[in-house]
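Visitor: Got a structure for you, written out below as structure tokens; questions coming shortly.
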Amino acid sequence: MTPQKCGENSTQIKFIILEKLEKKETIQKILIGQAKQYLENTGSIVNFTLRFLKNIFSPPFEWRELLKQVYFSGYKSLFFIGTTSFIVGMVFTMQSYPTMSSLGTESWIPTMISLSIVREIGPLITALIFAGKVGSGIGAELGSMKVTEQIDAMSVSGTKPMNFLVVSRVGATTIAVPLLVLYADALGFLGSYFAFQSKEEITMYFFFNQAISVVTYVDLIPSLIKSAMFGFAIGMVASYQGFHAEQGTQGVGRAANTSVVISSFLIFVIDLIMVQINSFFL
Amino acid sequence: MQQTEAIIKARNLKKSFGENTIIKNVSFDLMKEENLVIMGKSGTGKSVLIKCIIGLLVPDEGELSVMDYNLMDIDADQLNELRRTVGYLFQGGALYDSMTVERNLKFPLRRFPDAPSESEIDELVDEVLENVELAHTKHKMPSELSGGMKKRIALARTLIMKPKIMLYDEPTTGLDVITSNEISDLILEMRKKYNISSIIITHDISCVDKTADRIIILDKGEVLNEGSFDEIRKSNDNTIRAYFESV
Ligand SMILES: Nc1ncnc2c1ncn2[C@@H]1O[C@H](COP(=O)(O)OP(=O)(O)OP(=O)(O)O)[C@@H](O)[C@H]1O
Ligand SMILES: [Mg+2]
């Protein structure tokens, strides 16, 4: 871009901003507008979910499609989730080591890290990467099926696209995320071990033994339930966005993109709700 | 045509999308075993009209019945029942692009409440592929087929269900003369074999000439004219004459 054009552009932007200000589009209004749109969107997703729940028990159940989807969704994100968890486990250990050792509590690191990974970091990282990789894929796939009328073609042939496409995909994401979380936890531990053993003399057996010994069912079960909920939300949001994609290539892109944005947000909301419920029971 | 019984009845249909009224006032009947051709300019709502017949869209006003089903007030189970007897060839084919040709054809059949056995399904698949002369594409993916081949597979996918009513949305558009003649012949043959009643949307005059028992011209959401090929052809209306100019 030439400097002149750049200048033109910035005056244009200034102009747009001024115009918006003149229309009294204050930041508050913009934020309220966005929040409203968000709530409306969430409302229709809830509606879609209810329709889904009505269909989930109505035959035919597409077992083969479900297994295929579990396999592909798990497989697709295996590498990224593994590496990210490994790195985060490592970084987390390296970050806390100086403080812990200055307090003389460095021997607590394996147990501390393992609890944070199991309770929070594992599920969160897995779900966020899964949303980016698999959620966007589902949004785009169903979106393009929608705009090329393949979904209509299924309904028209007297089959239920909700069963074949949505139930199988949401089922798959709900199963795949908890499984991937276990895998992410393990790789997080491994990353942490490598960081830790560069500072301290410790065998892998001893590290893992210490890390795992503090994890109880009270940590693991809620974490897996939470993960399943993340998976459910990701699958549901992506399927909804795909089924409601607007015409054209842009519609497909937007379906994929919105899937990721909304489900990532929901992941944090669910996380917040679950931590409240958890603390209520303990 | 001897039969007088209407299998589809539409009265004063109206359909809008938001402010945009696409179908203003359309009435017509489709008689048993009749081939009714619908012509009209691009964007007049021909596809919208037949999407109403299959229940993908619901008209805002009017009456619409297909066989014994009232489309203005139908529940999901009834609609599914109806849809199993009506075939719809989508304008763009709408093949499932994640499945092979074979699985595309088997997809609806396998999910019928009284599904035929797997070996019967195999036979049916081979039969319809023979019909559209694409037996060699059985194990190909849709992305490996040409546009015309896709259209013919899509046609095979609807015919395999042995429908009583067929809705063809531009069956020959984008095909060469020879293939489009073959498709027109196939439409006639299917009617003879299975007593199918059809609505055919097309701009292709030779297809109209071959298949049409009766023609309806849609314009700006209304029926502009109705009659046999020769009657319509002799019309003095300029809009209508334009369709036939190329012949
Ligand atoms: N689901 C929809 N939502 C909003 N507008 C629609 C929808 N479906 C169709 N339309 C509009 O209705 C009009 C008629 O569309 P339709 O597809 O029926 O045209 P057509 O007569 O089949 O034209 P063509 O010969 O090009 O296929 C178009 O302007 C289209 O934009
Ligand atoms: Mg059309």
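The values are calculated or read from the model by the stated rules, or taken from the named source; none is laboratory data. Just so it is clear, the model here is predicted, and its values are computed rather than measured. Don't worry about glycine lacking a Cβ; one is built from the backbone with ideal geometry, like all the others, and counts go over all protein chains shown. When the accessible area is computed, the model is the full protein with side chains, heavy atoms only, and any ligands, DNA or RNA have been set aside. Shrake-Rupley method; radii C 1.70, N 1.55, O 1.52, S 1.80 Å.
Visitor: Please verify whether A:Thr159 is within 14 Å of chain B (Cβ to nearest Cβ), surrounded by fewer than 20 Cβ atoms within 10 Å (Cβ to Cβ) and within 24 Å of A:Gly251 (Cβ to Cβ), treating the condition exactly as stated.
Guide: Details: within 14 Å of chain B (Cβ to nearest Cβ): yes; surrounded by fewer than 20 Cβ atoms within 10 Å (Cβ to Cβ): no; within 24 Å of A:Gly251 (Cβ to Cβ): yes.
So A:Thr159 fails the test.
Visitor: Out of the range B:1-21, which residues are under 26 Å from B:Pro163 (Cβ atoms) and within 15 Å of ligand 2 (Cβ to nearest atom)?
Guide: We begin by selecting, within the range B:1-21, every residue under 26 Å from B:Pro163 (Cβ atoms); these are B:1-11, B:13, B:15.
Listed by number, the list holds a single entry, B:Lys15.
Visitor: In the range B:126-146, what count of residues is obtained for those that are touching a helix residue (DSSP H, G or I) at 6+ places or on another chain (Cβ under 9 Å) and either part of a helix (DSSP H, G or I) or within 28 Å of B:Asp29 (Cβ to Cβ) (or both)? Step through it out loud before you land on a result.
Guide: Of all residues in the range B:126-146, those touching a helix residue (DSSP H, G or I) at 6+ places or on another chain (Cβ under 9 Å) come to B:126, B:128-129, B:131-142, B:144-145.
Imposing the further condition that a residue be either part of a helix (DSSP H, G or I) or within 28 Å of B:Asp29 (Cβ to Cβ) (or both) reduces the set to B:126, B:128-129, B:131, B:135-137, B:142, B:144.
Number of matching residues: 9.
Visitor: Looking only at the range B:89-98, filter to residues that are within 16 Å of ligand 1 (Cβ to nearest atom) and not in a strand (DSSP E or B); which one of those is nearest to B:Val132 (Cα to Cα)?
Guide: Restricting attention to the range B:89-98, the residues satisfying the condition of being within 16 Å of ligand 1 (Cβ to nearest atom) are B:89-94.
The next check asks that each one be not in a strand (DSSP E or B); those that pass are B:90-94.
On the way: B:Phe90: 16, B:Gln91: 17, B:Gly92: 17, B:Gly93: 14, B:Ala94: 17 Å.
Out of the qualifying residues, it is B:Gly93.
Visitor: Right, another one. Anything in the range B:48-73 that is over 16 Å from B:Glu222 (Cβ atoms), within 16 Å of ligand 2 (Cβ to nearest atom) and touching a residue at least 60 places away in the same chain (Cβ under 8 Å)? List them, or say none.
Guide: B:Ile50, B:Ile53, B:Ile54
Visitor: Among the residues in the range A:94-112, are any touching a Gly at 6+ places or on another chain (Cβ under 9 Å) and either among the hydrophobic types (A, V, I, L, M, F, W, C) or touching a residue at least 40 places away in the same chain (Cβ under 8 Å) (or both)? Please lay out each step first, then the result.
Guide: Here is the first cut: in the range A:94-112, the ones touching a Gly at 6+ places or on another chain (Cβ under 9 Å) are none.
For the range A:94-112, residues touching a Gly at 6+ places or on another chain (Cβ under 9 Å) and either among the hydrophobic types (A, V, I, L, M, F, W, C) or touching a residue at least 40 places away in the same chain (Cβ under 8 Å) (or both): absent.
Visitor: When you go through B:Ile199, B:Ile216, B:Ile232, B:Ile240 one by one, which is the residue that is in contact with a helix residue (DSSP H, G or I) (Cβ under 7 Å, 6 or more places away or on another chain), of a type in the set (A, V, I, L, M) and touching a residue at least 40 places away in the same chain (Cβ under 8 Å)? Step through it out loud before you land on a result.
Guide: Numbers: B:Ile216 fails: in contact with a helix residue (DSSP H, G or I) (Cβ under 7 Å, 6 or more places away or on another chain); B:Ile232 fails: touching a residue at least 40 places away in the same chain (Cβ under 8 Å); B:Ile240 fails: touching a residue at least 40 places away in the same chain (Cβ under 8 Å).
Being in contact with a helix residue (DSSP H, G or I) (Cβ under 7 Å, 6 or more places away or on another chain), of a type in the set (A, V, I, L, M) and touching a residue at least 40 places away in the same chain (Cβ under 8 Å) holds for just one of B:Ile199, B:Ile216, B:Ile232, B:Ile240, which is B:Ile199.
Visitor: If you don't mind, another one. Kindly check whether there is at least one residue in the range A:91-109 that is farther than 23 Å from A:Phe208 by Cβ and open to solvent by less than 40 Å² (accessible area, probe 1.4 Å).
Guide: No, that holds for no residue.
Visitor: Looking at the range B:150-173, can you tell me whether even one residue there is over 16 Å from B:Gly92 (Cβ atoms), away from ligand 1 (no atom under 16 Å from the Cβ) and more than 14 Å from every other protein chain (Cβ to nearest Cβ)?
Guide: The answer is no, given that none of the residues of the range B:150-173 is over 16 Å from B:Gly92 (Cβ atoms), away from ligand 1 (no atom under 16 Å from the Cβ) and more than 14 Å from every other protein chain (Cβ to nearest Cβ).
Visitor: Within the range B:33-47, is there a residue that is open to solvent by 10 Å² or more (accessible area, probe 1.4 Å), within 14 Å of ligand 1 (Cβ to nearest atom) and out of contact with any strand residue (DSSP E or B) (no Cβ under 8 Å at 6 or more places or on another chain)?
Guide: Yes, the conditions are met somewhere in the range B:33-47.
To keep it simple, each residue is scored yes or no on (1) open to solvent by 10 Å² or more (accessible area, probe 1.4 Å); (2) within 16 Å of ligand 1 (Cβ to nearest atom).
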| position | (1), (2) |
| --- | --- |
| B:Leu56 | yes, yes |
| B:Val66 | no, no |
| B:Asn70 | yes, no |
| B:Ala76 | yes, no |
| B:Arg84 | yes, no |
| B:Gly87 | no, no |
| B:Thr100 | yes, no |
| B:Asn104 | no, no |
| B:Leu109 | no, no |
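Visitor: Filter the range B:100-118 for residues that are hydrophobic (A, V, I, L, M, F, W, C) and not in a helix (DSSP H, G or I); which is farthest from A:Asn163 (Cα to Cα)?
Guide: At the first step, the residues of the range B:100-118 found to be hydrophobic (A, V, I, L, M, F, W, C) are B:101, B:105, B:107, B:109, B:112, B:115.
Checking the rest, the ones that are also not in a helix (DSSP H, G or I) come to B:112, B:115.
Values: B:Phe112: 14, B:Ala115: 17 Å.
Once the filter is applied, the top-ranked residue is B:Ala115.
Visitor: Now a separate question. Given the criteria part of a loop (DSSP other than H, G, I, E, B), open to solvent by 20 Å² or more (accessible area, probe 1.4 Å) and more than 16 Å from ligand 2 (Cβ to nearest atom), does B:Asn225 qualify? Don't jump to the end; show me each part of the working.
Guide: On the way: part of a loop (DSSP other than H, G, I, E, B): no; open to solvent by 20 Å² or more (accessible area, probe 1.4 Å): yes; more than 16 Å from ligand 2 (Cβ to nearest atom): yes.
Taking the combined requirement at face value, the residue does not satisfy it.
Visitor: Consider only pairs whose beta carbons are under 9 Å apart and that are at least six residues apart or on different chains; among these, list those whose first residue lies in the range B:119-135 and is at positive phi and whose second residue is among the β-branched types (Val, Ile, Thr) and at pLDDT 90 or above.
Guide: none
Visitor: In the range B:89-98, which residue that is away from ligand 2 (no atom under 16 Å from the Cβ) and surrounded by 15 or more Cβ atoms within 10 Å (Cβ to Cβ) is nearest to the other protein chains (Cβ to nearest Cβ)? Walk me through how you get there before you give the answer.
Guide: The initial filter retains those residues of the range B:89-98 that are away from ligand 2 (no atom under 16 Å from the Cβ), namely B:95-98.
Within this subset, residues satisfying the condition of being surrounded by 15 or more Cβ atoms within 10 Å (Cβ to Cβ) are B:95-97.
Values: B:Leu95: 7, B:Tyr96: 6, B:Asp97: 7 Å.
Only one residue fits best here, namely B:Tyr96.
Visitor: Select from the range B:147-174 the residues that are part of a loop (DSSP other than H, G, I, E, B) and either touching a Pro at 6+ places or on another chain (Cβ under 7 Å) or more than 16 Å from ligand 2 (Cβ to nearest atom) (or both) and list them in ascending order.
Guide: B:Ile160, B:Met161, B:Lys162, B:Pro163, B:Lys164
Visitor: Of the residues A:Phe79, A:Phe61, which is in a helix (DSSP H, G or I) and open to solvent by 40 Å² or more (accessible area, probe 1.4 Å)?
Guide: Working: A:Phe61 fails: in a helix (DSSP H, G or I).
It is A:Phe79.
Visitor: Among the residues of the range A:169-183, are any closer than 29 Å to A:Leu128 by Cβ, within 14 Å of chain B (Cβ to nearest Cβ) and open to solvent by less than 10 Å² (accessible area, probe 1.4 Å)?
Guide: The answer is yes; a qualifying residue exists.
Visitor: Here's something else I'd like to know. Checking B:Met67 against (1) under 19 Å from B:Leu159 (Cβ atoms); (2) within 11 Å of another protein chain (Cβ to nearest Cβ), which test does it fail?
Guide: Evaluating B:Met67 over (1) under 19 Å from B:Leu159 (Cβ atoms); (2) within 11 Å of another protein chain (Cβ to nearest Cβ) leaves (2) as the failure.
Visitor: Further question: In the range B:1-54, what count of residues is obtained for those that are aliphatic (A, V, I, L, M) and in a helix (DSSP H, G or I)?
Guide: Keep residues of the range B:1-54 that are aliphatic (A, V, I, L, M), which gives B:1, B:6-8, B:10, B:13, B:22-23, B:26, B:30-31, B:36-39, B:48-50, B:53-54.
Next cut, in a helix (DSSP H, G or I) only: B:48-50, B:53.
Qualifying residue count for the region: 4.
Visitor: Look at B:Glu19 and say whether it is open to solvent by 20 Å² or more (accessible area, probe 1.4 Å), within 12 Å of ligand 1 (Cβ to nearest atom) and away from chain A (no Cβ under 12 Å). Working first, answer last.
Guide: Working: open to solvent by 20 Å² or more (accessible area, probe 1.4 Å): yes; within 12 Å of ligand 1 (Cβ to nearest atom): yes; away from chain A (no Cβ under 12 Å): yes.
So B:Glu19 passes the test.
Visitor: Among the residues that make up the range B:206-219, is at least one of them in a helix (DSSP H, G or I) and hydrophobic (A, V, I, L, M, F, W, C)?
Guide: yes
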